[in-house]
Amino acid sequence: MRICELKHKEVINICDCCRLGVITDVEFDPCSGCIKEFIVPGPGHLFSLFGRDSEYVIPFGCVTQIGDDIVLVNINAEERLRKCE
């Protein structure tokens, strides 16, 4: 699987069955070449017209399954929500 294929998959949290969004970026370790984290845009403002000021950072260890259309993760979404710089 290529990274560009991952970027179009929807992320579902199996803890509360919530849709977190679509993967927009992937962070990897340049030394080992292993994926470290998936980045998913956080909740938007007023119908997402005014952008987003936070994002979900999902460690690769929290990924439980990668399917054809979705990625299942097991995280506490509030703890993984961080402010964008």
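Overview of results
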quantity	calculated
Filtered residue count, segment 11-30, keeping only those that are of a type in the set (D, E) and closer than 15 Å to C62 by Cα	2
Residue within segment 44-64 that is charged (D, E, K, R), in a strand (DSSP E or B), touching a Gly at 6+ places or on another chain (Cβ under 9 Å) and modelled with pLDDT under 80 present	no
Extreme residue, nearest to G67 (Cα to Cα), among residues of segment 9-23 that are in contact with a Phe, Trp or Tyr (Cβ under 9 Å, 6 or more places away or on another chain) and either surrounded by fewer than 15 Cβ atoms within 10 Å (Cβ to Cβ) or aliphatic (A, V, I, L, M) (or both)	V11
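The values are calculated or read from the model by the stated rules, or taken from the named source; none is laboratory data. Since the model is a prediction, treat every value here as computed from it, not as a measurement. Quick reminder, even Gly has a Cβ in these numbers, built from the backbone with ideal geometry, and neighbours come from all protein chains shown.
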